[in-house]
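Shown next, in structure tokens, is the structure this report addresses.
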Amino acid sequence: TNPGFVVRITQAGLDYAHHQAIAFLEKELAQLKLQDISGDFRVRHVGKVRYELSSLDLRSFQLPYSRISPVPNVGLQVSISNAFAAVDGDWRVKFHFIRDHGSFDLKVENVYIKINLRLGSDTSGKPTIDTSDCSTRISNVQVHFSGKFGWLYNLFYSVVESRFRKILESEVCKIVARSVRSELQPYLQTLPVTARIDARAGIDYSLVAPPVATAQSLDADLKGEFFSLAHRSAVPFPPLPLAFPPDHDRMVYFGASSYFFSTAAFAYHAAGALVFDITDSMIPKGVEFHLNTTTFSAFVPQLEKMYPKMPMKLRLSAPSAPYLNIGPEGLSLRPVVDIQAYAILPNSSLAPLFLLGLTCNVSAVIDVKSGHIVGSLKVGRMRLSLKQSDVGTFQVRTLQSIVNILTSSILLPHVNERLGEGFPLPLPERIQLSNILLRFHQ
């Protein structure tokens, strides 16, 4: 399935996220609890030596140099080099009749960690992440013992060094895997698969395929489809292939195709939202006419005889959802609007008068504010036609000025107020966008 919406996270965006993640991983590693270590070993010509290491305290675990990279066919790879840690604790040794104890300091240097992260999607279309591979290599372990018998320390120095190396190499990858599962995966799950917009419609942002790592970015294809909350029906037009521009300068890119915007019109039309009534009470102050048969009889003479001095109602509706086009100049559409005029009878029932057809050129101004796509419409040239009349024929062009006023002063502000509230972008929790640049492409 072609996407209606795409997201690209570039190396700069990955670096920013990586900076936050590494700081968290340092804290997790520094909280590593080391169990007491004990054992015995035989020394040639000496005998069996029993040792015990206790009260082990990992004072710090520093990750000064690290990098994240998108790797095709792998996902994301995190490489950490020259990491170091410091441990202190107590030691105790028993050797024949000799017993000694003291404290020790241990420094772990030149730690190298490589983590491969596999990206995918679950059945609901949410992104998933897991460690597909993790390896830790420690080049240098230095132990300093304090105590009375210096020669004794050398007997188990290499044993302690080896044990610590194996323990840390194993525990680091366990912590990485646990952090990915318990922290990173739940955070990615905060990406909204569906976003409720209002009482009528929502947006489907589910992944249509797992995220793809390229040499320069991480790309995700989303459904990008509006739907009616009352009844979700199949969109009668397919999403076209989306050629995403090969830009990589910013941290993150969002691409919305004409399919994305057109499904918005389709969803609101299906929900019955593209119907708007205009009555006399809605006419702004300063407009010197009233919405009644007396005013309109100047253009439709038959009204004065058939429905004298009666208030009127105009019902504007779209017989079909407008399709939106995106080009280098921006977003445009050519909606068709039916304008049904009624006379409001004394018993409050409606008498149909005439049905006008309105076609116009509309351009949209799009912006992004507070994580929402917002917009406003500008109406260009409008053309009227008479589709049906219950009061005889009349010259439609004489009504052009009134329709212009009603459209520009009542309908358009109402629509733009709703568009100003905007539609949410697919953002995980606690993400804010800044330095936003908007571009249009064919």
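The values are calculated or read from the model by the stated rules, or taken from the named source; none is laboratory data. What you are looking at is a predicted structure, and each value in this text was computed from that prediction instead of being measured. Glycine also receives a Cβ, built like all others from the backbone with ideal geometry; neighbour counts cover every protein chain displayed. Side chains included, ligands, DNA and RNA excluded: accessible areas come from the protein's heavy atoms. Shrake-Rupley method; radii C 1.70, N 1.55, O 1.52, S 1.80 Å.
Listed here are the residues, each with its yes/no results for (1) in contact with a Pro (Cβ under 8 Å, 6 or more places away or on another chain); (2) of a type in the set (A, V, I, L, M).
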{"site": "Pro241", "(1), (2)": "no, no"}
{"site": "Pro246", "(1), (2)": "no, no"}
{"site": "Asp249", "(1), (2)": "no, no"}
{"site": "Val252", "(1), (2)": "no, yes"}
{"site": "Phe261", "(1), (2)": "no, no"}
{"site": "Phe266", "(1), (2)": "yes, no"}
{"site": "Ala273", "(1), (2)": "no, yes"}
{"site": "Thr279", "(1), (2)": "yes, no"}
{"site": "Pro284", "(1), (2)": "no, no"}
Exercise. Provide a single number: the residues in segment 221-236 that are of a type outside the set (A, V, I, L, M) and open to solvent by less than 50 Å² (accessible area, probe 1.4 Å).
Key: 6
Quiz prompt | Wholly enclosed strands (runs of 3 or more DSSP E) of segment 49-159 bearing at least 3 residues of a type in the set (A, V, I, L, M) | solution = 75-95, 98-121, 127-145
Quiz item: Assuming Met312 fulfils every condition listed in (1) buried (at least 16 other Cβ atoms within 10 Å of the Cβ); (2) assigned to a loop (DSSP other than H, G, I, E, B); (3) over 44 Å from the mean Cα position of the chain (by Cα); (4) not small (Gly, Ala, Ser) apart from one, which condition is it?
Solution: (2)
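Conditions tested, residue by residue: (1) under 12 Å from Ile339 (Cα atoms); (2) in contact (Cβ under 8 Å) with a residue 24 or more places away in the chain; (3) aromatic (Phe, Trp, Tyr).
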| position | (1), (2), (3) |
| --- | --- |
| Leu350 | no, yes, no |
| Lys369 | no, yes, no |
| Gly380 | no, no, no |
| Lys387 | yes, yes, no |
| Gly392 | no, yes, no |
| Ser401 | no, no, no |
Quiz item: Are any residues in segment 329-348 open to solvent by 50 Å² or more (accessible area, probe 1.4 Å) and outside any strand (DSSP E or B), and if so, which ones?
Solution: Glu329, Arg334, Pro346, Asn347, Ser348
Quiz item: Out of (1) in a strand (DSSP E or B); (2) over 32 Å from the mean Cα position of the chain (by Cα), the odd one out for Val403 is which?
Solution: (1)
Self-check item: Among the candidates Ile203, Ile175, residue that is assigned to a strand (DSSP E or B) and open to solvent by less than 40 Å² (accessible area, probe 1.4 Å)
Solution: Ile203
Quiz prompt | Count of residues meeting criterion [at pLDDT below 90 and either surrounded by fewer than 17 Cβ atoms within 10 Å (Cβ to Cβ) or more than 15 Å from Glu225 (Cβ to Cβ) (or both)] in segment 252-273 | solution = 2
Practice problem: Considering only segment 287-309, state which residues are closer than 17 Å to Ser389 by Cβ and either open to solvent by 40 Å² or more (accessible area, probe 1.4 Å) or among the charged types (D, E, K, R) (or both). | Solution: Ala298, Phe299, Pro301, Gln302, Glu304, Lys305, Met306, Tyr307
Quiz item: Counting only residues that are touching a residue at least 40 places away in the same chain (Cβ under 8 Å) and open to solvent by 60 Å² or more (accessible area, probe 1.4 Å), which one in segment 16-47 is nearest to Ala220 (Cα to Cα)?
Solution: Tyr16
Quiz item: In segment 315-328, what residues are open to solvent by 50 Å² or more (accessible area, probe 1.4 Å) and not basic (Lys, Arg)?
Solution: Pro319, Ser320, Tyr323, Asn325, Pro328
Quiz item: If Ser320 satisfies every condition in (1) touching a helix residue (DSSP H, G or I) at 6+ places or on another chain (Cβ under 9 Å); (2) assigned to a strand (DSSP E or B); (3) of a type outside the set (A, V, I, L, M, F, W, C) but one, which is the exception?
Solution: (2)
Practice problem: Mind counting the residues in segment 275-286 that are open to solvent by 40 Å² or more (accessible area, probe 1.4 Å) and either assigned to a helix (DSSP H, G or I) or at pLDDT below 90 (or both)? | Solution: 6
